[in-house]
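A quick write-up on the structure given underneath.
The values are calculated or read from the model by the stated rules, or taken from the named source; none is laboratory data. Given the structure is predicted, the values throughout are model-derived calculations rather than measurements. Using ideal geometry, Cβ is built from the backbone for each residue, glycine included, and neighbour counts are taken over all protein chains shown. Calculation scope for accessible area: heavy atoms of the full protein, side chains included, ligands and nucleic acids excluded. Shrake-Rupley method; radii C 1.70, N 1.55, O 1.52, S 1.80 Å.
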Amino acid sequence: MLVGGTVTNEEALVIQQLATRALGAPADQAVGPVVRAVTSALEARFGTWRMASNLERLPKAKAIVTVADDIEESHNVVSVRIKDAVVWEKAKLVVIGPLRSELVDFAAVWIRTKAGEEGLAAQQLAEALQGGAPASEDIARAADLLREAPREQTMVVCAPNPVSPAIAAAMTGGAANLAIALLGDAASEGLAVLPPEANTGACSTRASARKAARTRWRASPGCSSSATTRRCGCRARRQRWTRLAPSWSSTGC
């Protein structure tokens with residue numbers, strides 16, 4: 001029985017063979033059904049699950065759309081890079097998701113959905129960009145904002161639900177359709193679908209530095225909880241992020 005640590009390719013092969021030959025069932029990981037649902041959704045739209053996108057583009061993007069439950073919690077390093085793009089590159093951020101997180105304070109538009117309807121909202125935004133009637137005022141605002149963004153500096157980032165294959169497939173499909181509506185033939189280059197098990201591992205030292213910076217940022221005074229401050233993007237939080245970020249944001253992971 002494996003208790004912890006990493007598994008080599010050779011060890012994984014032995015485990016697979018043991019499960020198949022001795023137990024009569026293939027070995028699978030806990031998120032295996034979710035991963036298969038995500039890859040199937042991508043293959044249905046692109047013919048392959050391998051996207052040509054590169055997350056190194058993220059900090060320099062001018063427009064970003066996130067499709068996620070709470071990307072701040074599930075993929076904190078990616079969230080940091082998105083904040084960098086908003087603060088340093090003046091990127092326009094559209095957040096699609098049900099939960100209010102720190103990332104919402106950096107967003108130009110928050111399309112707040114019901115749980116499990118993130119993919120539907122992404123699809124509705126795609127349809128609005130293609131000339132359809134917007135399903136809500138927030139979707140109309142987001143569509144107007146994204147039409148003005150430079151195509152080569154626009155990214156769609158999807159963090160699929162790590163528990164439900166059906167929701168993960170819907171999120172991935174909606175994000176893919178949105179990327180196609182935004183970027184056309186270059187959609188694969190601007191769509192990043194993040195792994196559902198990202199926070200089970202660690203870029204330990206640098207991730208700890210980022211977490212410490214975020215903790216100091218949360219603890220610092222000056223962020224009003226009023227509706228007015230939330231609507232304007234929580235300027236105080238952005239200013240504190242600007243002060244804290246230079247000490248660690250240039251490091252890679």
Exercise for the section: Scan the range 95-110 and give yes if some residue there is free of Cβ contacts under 8 Å to residues at least 40 places away in the same chain and acidic (D, E), otherwise no. Expected result: no
Handout entry: Residue in the range 173-183 that is over 15 Å from V95 (Cα atoms) and of a type in the set (S, T, N, Q) present
Key = yes
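Being assigned to a loop (DSSP other than H, G, I, E, B), closer than 26 Å to V87 by Cα and at pLDDT below 95 is the requirement here; does A149 meet it?
Numbers: assigned to a loop (DSSP other than H, G, I, E, B): yes; closer than 26 Å to V87 by Cα: yes; at pLDDT below 95: yes.
Yes.
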Handout entry: Among the candidates A149, A140, A179, residue that is buried (at least 22 other Cβ atoms within 10 Å of the Cβ) and small (G, A, S)
Key = A179
Exercise for the section: Taking the residues in the range 5-53 that are among the polar types (S, T, N, Q) and closer than 13 Å to P195 by Cβ as candidates, determine which candidate is modelled with the highest pLDDT. Expected result: T39
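Of all residues being more than 28 Å from S40 (Cβ to Cβ) and assigned to a loop (DSSP other than H, G, I, E, B) in the range 124-137, which is most open to solvent (accessible area, probe 1.4 Å)? Just the residue, please. Show your work before the answer.
So the first thing to find is which residues in the range 124-137 are more than 28 Å from S40 (Cβ to Cβ), and the list is 131, 133-134, 136-137.
Checking the rest, the ones that are also assigned to a loop (DSSP other than H, G, I, E, B) come to 131, 133-134, 136.
Working: G131: 68, A133: 93, P134: 67, S136: 48 Å².
Looking at residues that are more than 28 Å from S40 (Cβ to Cβ) and assigned to a loop (DSSP other than H, G, I, E, B), I get A133.
Give the residue that is surrounded by the fewest Cβ atoms within 10 Å (Cβ to Cβ), with candidates limited to residues of the range 152-176 that are more than 17 Å from A128 (Cβ to Cβ) and β-branched (V, I, T).
First, pick out the residues of the range 152-176 that are more than 17 Å from A128 (Cβ to Cβ): 152-153, 155, 157-172.
Then drop every residue that is not β-branched (V, I, T), which leaves 157, 163, 167, 172.
On the way: V157: 26, V163: 13, I167: 20, T172: 29.
In this case the residue turns out to be V163.
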Completion exercise
Inside the range 38-69, the number of residues satisfying the requirement of being open to solvent by 40 Å² or more (accessible area, probe 1.4 Å) and either closer than 21 Å to A142 by Cβ or in a helix (DSSP H, G or I) (or both) is 11
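Check whether at least one residue in the range 152-160 is assigned to a loop (DSSP other than H, G, I, E, B) and under 18 Å from the mean Cα position of the chain (by Cα), and report yes or no. First the steps, then the outcome.
If we filter the range 152-160 for residues that are assigned to a loop (DSSP other than H, G, I, E, B), which is where we start, we get 160.
Of the ones still in play, those that are also under 18 Å from the mean Cα position of the chain (by Cα) are 160.
Within the range 152-160 (the criterion being assigned to a loop (DSSP other than H, G, I, E, B) and under 18 Å from the mean Cα position of the chain (by Cα)), the answer is yes, since at least one residue qualifies.
If I ask for residues that are crowded, with 23+ Cβ neighbours inside 10 Å and either part of a helix (DSSP H, G or I) or among the aromatic types (F, W, Y) (or both), which ones from the range 182-192 would you list? Spell out how you get there, then give the answer.
Applying the first criterion (crowded, with 23+ Cβ neighbours inside 10 Å) to the range 182-192 yields 182, 190-191.
Listed by number, the residues that qualify are L182, G190.
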Handout entry: Meets criteria (farther than 21 Å from N54 by Cβ, more than 16 Å from the chain's Cα centre (by Cα) and of a type outside the set (K, R)) for E127
Key = yes
